[in-house]
Amino acid sequence: MRVLRALTVAAAAVVAVGLSTPFAAANPSDPLGGAPLGGSPSGQGGNGGNNGNGPSNVTVNPYSVHQGSTMQVSAAGCRHGGTVWSAGNFPQTNLSAGSIGFASVRIFNHASPGNHTLSVKCHDNSLVATHRFTILRGNGAQGGIGGSFGPSTAETAIGSSLVGAAALGAGVHVMRRRRPLRGRA
């Protein structure tokens, strides 16, 4: 009876972990985790905290990105979307609409290594905010995203089945050890 309870608890734990992994990967607490704009203590963009009157709080993730890799950009204040650009470093890219807009930019393979500036402009405003970033020489693997991706569905299924098989094997081992031996008193 104890073994059955132990196996039930182990199976419930496996199911809980297996089901929570995709939710944790899909709902990160800080989607970009980038550095605030320009080093100002408040993290406000080029025109400060303007409450939706142009781009502010521009962040990039990562701050240092390899040639050919991807960088995430976010900005507040562009409720109707906007554009992000950096001449010679990546093509002009659309910023999503909302209280915080997001864009994913791919750094050109031939972009010059060193410190650079990107610009953000809202569709409904003429103000422009800027943010610095660094381009590193060489190609990186999924620069800007790194290890922030959770396991795939296949990896989760394989991991869950391995944990389940281990729990089943432990249960069988305990059951066999508890069986009385013949001829022993």
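The values are calculated or read from the model by the stated rules, or taken from the named source; none is laboratory data. This is a predicted model, so every value here is computed, not measured. Virtual Cβ from ideal backbone geometry, glycine too; neighbours counted across all protein chains shown. Surface accessibility is based on the protein's heavy atoms, side chains included, excluding ligands, DNA and RNA. Shrake-Rupley method; radii C 1.70, N 1.55, O 1.52, S 1.80 Å.
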* **Within region 116-154, considering residues that are outside any helix (DSSP H, G or I), over 19 Å from Thr70 (Cβ atoms) and not hydrophobic (A, V, I, L, M, F, W, C), the one modelled with the lowest pLDDT** => Pro151
* Residues in region 115-136 that are touching a helix residue (DSSP H, G or I) at 6+ places or on another chain (Cβ under 8 Å) and open to solvent by 70 Å² or more (accessible area, probe 1.4 Å): how many? -> 1
* To do: Please specify each residue of region 84-114 satisfying the condition of being hydroxyl-bearing (Ser, Thr, Tyr) and open to solvent by 20 Å² or more (accessible area, probe 1.4 Å).
  => Thr93, Ser96, Ser99, Ser104, Ser112
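Ala97: in a loop (DSSP other than H, G, I, E, B), under 23 Å from the mean Cα position of the chain (by Cα) and closer than 16 Å to Gly54 by Cβ, yes or no?
Details: in a loop (DSSP other than H, G, I, E, B): yes; under 23 Å from the mean Cα position of the chain (by Cα): yes; closer than 16 Å to Gly54 by Cβ: yes.
For Ala97, the condition - in a loop (DSSP other than H, G, I, E, B), under 23 Å from the mean Cα position of the chain (by Cα) and closer than 16 Å to Gly54 by Cβ - is met.
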* Asked: Only one of (1) in contact (Cβ under 8 Å) with a residue 24 or more places away in the chain; (2) in contact with a strand residue (DSSP E or B) (Cβ under 8 Å, 6 or more places away or on another chain); (3) surrounded by fewer than 17 Cβ atoms within 10 Å (Cβ to Cβ) is not met by Val65, so which one is it?
  -> (3)
